[in-house]
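The block underneath contains the structure these notes are about, expressed in structure tokens.
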Amino acid sequence: MTKQVTLTIDGIQIDVPDETLVVDAAKKAGIDIPVFCYHPKMEPVGMCRMCLVEIGRPMINRSTGQPVLNEDGQPTMQFMPKPETACTNLVSEGMVVLTQSESAKEAQKDIIEFLLTSHPLDCPICDKGGECPLQNLTMEHGPGKSRFLFDGKFKMEKQIRLGELIVLDRERCIICARCVRFQEEVAGQAVLAIDDRGRGSEIISVSEPGFDSVFSGNTTDICPVGALTTTDFRFGARPWELLSAASICGQCPVGCNITFNTRREAKSAGKVVIKRVMPRQNEQVNETWICDKGRFAYHYAKSKERLSKPLLRKDDKLKTTSWSSATKLVAEKLGEAGKDTIVLASGRLSNEDLFNLKSLADGLGGKAVLYTEMGGGDLVTQIGVGQGTNFSDMGQGDAIFVIASDLYEEAPIWWLRVKQAADRGAKLIVANSRETKLDKFANFVVRYSNGDEVKTVQDLGGTGKIAQAFSKADNAIVLFGSDGLGLEGSTHLATACANLLEETGHIGKANNGLIGVWPKANDQGAWELGFHPEPDLAAILKGKAVYIVGADPANDNPALAKALKKAKFVVVQDLFRTATAELADVILPAQTYTERDGTFTSGERRAQRFYAAVPGLGESKPDYAITSEIAEKLNIQLEGTSSVLVFEKLAASVKDFAGLSYAKLAEVTEQWPIVGRGDLYYGGSTYENTQGLGVQLVSASDRGETVSIPKVRNDAGLRPKKDELLAVPITKLYDRGTTVAPTEFLTERIGDVTIALHPEAAKKLGVEAGKRVKISFEDVEGEAVVKIDETISAGVALVPRSMGLAIREPVVIKVQ
């Protein structure tokens, strides 16, 4: 048990854990001490002095070690001559804190006055107006009238692009250093710094390219003034004009809690549109942070290329039709196909969508197939991390093993939280065939040859130093990915990881188990609901009736495009008129998840709710509702009127979801730190969570059931051979996928399609960095820009997925 300390703040006696800062103790007592530089997620520095308060401590008799008592028998309090900073002082037994004394109030007023001496008087045009801590604290603690002349204000540069996403106004900056400290302490990327000194101090970027971090947007949330703004929201709207809708990020398997800010505006023809994405606190998932992809890539939802009406192929041309005609034809064709129906869906869909699709496939006697190039989800359903898992609870005595995953590119917030667990003392083991950004925070880095992924995991079951660090850990989590692997390779890797966890006893409890770093937000949900990938997808599509939802196989794989041309009937349900849609007999327009309610299941097996933020586009409908409409015409009864009803049926049918409901997922408990829109200066402008923390599913190992884990296959994966170049797929955070590419100001971060080569391989091919080369393999041909990477094997090339080259698994390529 943590030792408790009793102290009094403004006459209120409270008990808090020892080592608590005075500013945090006050917060727990419901007393707000004003701050600018302090943030509860970072180390205190006492730079701004805004939190000055009077602190009294019991006078101690040095000979007895006991408090000196006054005439009333109470401890004699000793106050310092001047106020002290609440953010740097720890509580002590019997302490008395005065936040409202004349001395404290005068000190706080003076600090505000000093800050305003060089601050521009541009509140009416400042983006921070309405949610500005400086503005709010000036009204509450400021002098009300300035004694300084306007002409004497210190002038500095305005509208400086620190990077392509963040703009700095140096004149507004108060040098609280929150942004610099966030990047150094929290993100582990010291790409910002303070240059010069005194009144000439200024924030600068020290990276190339500028502000080179995928967490840059968080600095605008915690900036207490209007110094840092995003290119996305800058001059876009006023905070008081915005409505908020709770949601879940749909870009990766972390399941970050977010808030969509919306408003109806004239320039959007009177439509309600999303203006920005903000973090929503969930200390078990994303804390109060989100990555830049999750913050900025929502623009696909309002793309002009969105489908808004059903299309039907007539005379070899796709023409607009009614919903009734479209669903009638689809039902007829699927009914005729019966068991020859293939439902192909991706993890971009919600649990409700996937449940209805699986139910339709089962009702027809067909097959429900998950469109993915990563396997192993069936093992995660059995030995996924236990209920109560929280990376924030992991530290000294625990172990985290990351293999075949570049977390920084695939799931940035997991990268952040795993790094922080390592900072707290957890043993971090990172295994990959190449260097990743997580390596420098790891206790052990294992560099294996491509094809040796399974062997690397098996070696952890041995007696070496690394093996002991994992097996002897109090708690251990394995995160596996598909870096350099395809479906078969990642499936074998997951099996090896599952066996390791079972053998070392790290299953069936909190902070233990297996996590898949999936390509899509709800891939794990698809596995939970009975979807599985097919090893030879092209073979099963030929001659079948294929219902494709939220996937674009024709664009990703020429072989699948050929197979779909030989299918008996193709219906595509999607957001855009994709390459696959162009091959369809019927196209059905679906709503984005921003336009409807639903749930996702994260990689940690946490079911979470998202809520509609904006109205649906045109005649588009939720995926679950479209499927229900088709099923009704086939006399298969599915819920389609409400996602709530679909989830009720799901929870009653799927064991691991038993007992869950929308009401259960919407429950919240008190979280620390206490953040929210009512107190913007303490935790920043992140939203408090009032609409649901979600619930982790109970796995078979959690329930104490016997789990069925297959034996590990010892055959090595594909290896590079002499005089051959083996291309392996990797994941790039910003790619050309349909949910990223439409965001125009991310174009710079998306960049060109690249191929990474070892210097020796580049020399042998006669190419240099920056040169464009031709690449060919199987039925794929394309071009890419050469990058040089000294950390990879000379016989290996790295090719990013979803960038225009249809790479799915390791493959021998030719480069010219």
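The values are calculated or read from the model by the stated rules, or taken from the named source; none is laboratory data. From a predicted model like this one, the values you see are computed outputs, not experimental measurements. Every residue, glycine among them, receives a Cβ derived from its backbone with ideal geometry; neighbour counts consider all protein chains shown. Each accessible area value is taken on the protein alone, full model and side chains, heavy atoms only, with ligands, DNA and RNA left out. Shrake-Rupley method; radii C 1.70, N 1.55, O 1.52, S 1.80 Å.
Laid out as a table, the results:
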read-out: Kirkwood-based shape ratio for the chain, expressed as Rg/Rh from alpha carbons; value: 1.00
read-out: In range of the label at GLU748: residues from the range 224-267 whose backbone nitrogen is under 20 Å from the point 7 Å along Cα→Cβ; value: 227-236
read-out: Rg(Cα) / (2.2 N^0.38 Å) computed for the range 611-688, rounded to two decimals; value: 1.60
read-out: Reach of LYS711 by Cα under 15 Å, taken over aspartates and glutamates that are not fewer than 8 positions away in the same chain; value: ASP378, GLU488, GLU502, GLU503
read-out: Prolate/oblate/rounded label for the range 224-365 (Cα gyration tensor, a/c 1.5); value: oblate
read-out: Rounded to 5, percent antiparallel among DSSP beta bridges of the range 725-815; value: 60
read-out: Sequence ranges 601-608, 129-136, 292-299, 715-722, ranked by mean other-Cβ count within 10 angstrom, highest first; value: 601-608, 292-299, 129-136, 715-722
read-out: Ranked by how many other beta carbons lie within 10 Å on average, peptides 232-239, 21-28 from highest; value: 21-28, 232-239
read-out: Anchor LYS664: lysines whose Cα lies under 18 Å away (excluding residues fewer than 8 positions away in-chain); value: LYS649, LYS655
read-out: Gain upon complete extension [GLN387, ASP195; 0.36 nm per residue less C-alpha separation]; value: 64.5 nm
read-out: Long-range Cα-Cα pairs in the range 114-230 (distance over 21 Å), rounded percent; value: 37
read-out: Radius of gyration, Dmax [the range 454-564; alpha carbons; angstrom]; value: 17.8, 54
read-out: Where labels lie 7 Å past Cα in the beta-carbon direction, separation of ASP439 and ARG736 in nm; value: 2.9
read-out: Size descriptor, Kirkwood hydrodynamic radius, that averages inverse alpha-carbon separations across the range 373-431, Å; value: 12.5
read-out: Where the chain is the region considered: accessible area per residue in Å², 1.4 Å probe; value: 40
read-out: Burial ranking of peptide ranges 281-288, 527-534, 780-787 (average Cβ count within 10 Å, highest at the top); value: 281-288, 527-534, 780-787
read-out: Lysine-lysine proximity count for the range 489-633, Cα under 22 Å, sequence distance 8 or more or distinct chains; value: 12
read-out: Karplus 3J(HN,Hα) series, Hz, for the range 36-51 with 6.51 cos²θ - 1.76 cosθ + 1.60 (x for Gly, Pro); value: 10, 7, 6, 9, x, 9, 10, 5, x, 10, x, 7, 8, 6, 5, 8
read-out: Whether the range 377-517 is rounded, prolate or oblate, judged on the alpha carbon gyration tensor where a/c under 1.5 counts as rounded; value: rounded
read-out: Solvent accessible area, Å² - MET59, 1.4 Å probe, full protein context; value: 70
read-out: Separation of the LYS3 and VAL45 label points, Cα + 7 Å toward Cβ, nm; value: 3.0
read-out: Estimated distance in nm for a label pair at THR706 and ASP362, the labels positioned 7 Å out from Cα along Cα-to-Cβ; value: 2.4
read-out: Exposure ranking of GLU19, GLU409, GLU435, GLU502 by accessible area [1.4 Å probe, largest first]; value: GLU19, GLU435, GLU502, GLU409
read-out: Contact order relative to length of the range 212-288, as percent, for alpha carbon pairs under 8 angstrom and 6 or more apart; value: 22
read-out: Cα-centre dipole for the range 114-230 with unit charges at Cβ (Lys and Arg positive, Asp and Glu negative), debye to 20; value: 540
read-out: Lysines whose Cα lies under 22 Å from that of LYS82, excluding same-chain neighbours fewer than 8 positions away; value: LYS105, LYS109
read-out: Gained length - GLN637 relative to SER449, 0.36 nm times residue gap less alpha-carbon distance; value: 62.5 nm
read-out: Charged-residue dipole, Cβ positions (Lys, Arg, Asp, Glu), the chain about Cα centre, Debye nearest 20; value: 1760
read-out: Placed amide H near ILE755: partners under 5 Å, 5+ positions off or other chain; value: VAL785, VAL786, LYS787
read-out: Gyration tensor verdict on the range 642-786 (Cα atoms; rounded if a/c is under 1.5, prolate if a/b is larger than b/c, oblate otherwise); value: oblate
read-out: Cut-off under 5 Å, modelled amide H: who pairs with TYR448 long-range; value: ASN432, SER433
read-out: Karplus-derived 3J(HN,Hα), 6.51/-1.76/1.60, for each residue of the range 249-255, Hz, glycine and proline x; value: 5, x, 9, 7, x, 5, x
read-out: Heavy-atom accessible surface of the chain: percent carbon and sulfur, 1.4 Å; value: 48
read-out: From phi via Karplus (6.51, -1.76, 1.60), per-residue ³J(HN,Hα) for the range 648-662 in Hz, x at Gly/Pro; value: 4, 5, 4, 5, 7, 9, 10, 3, 6, 9, 4, x, 8, 8, 4
read-out: Extended-chain gain in nm, criterion 0.36 nm per residue less alpha-carbon gap, SER303 and LYS109; value: 65.0 nm
read-out: Rel. contact order, % - alpha carbon contacts under 8 angstrom, at least six apart, the chain; value: 13
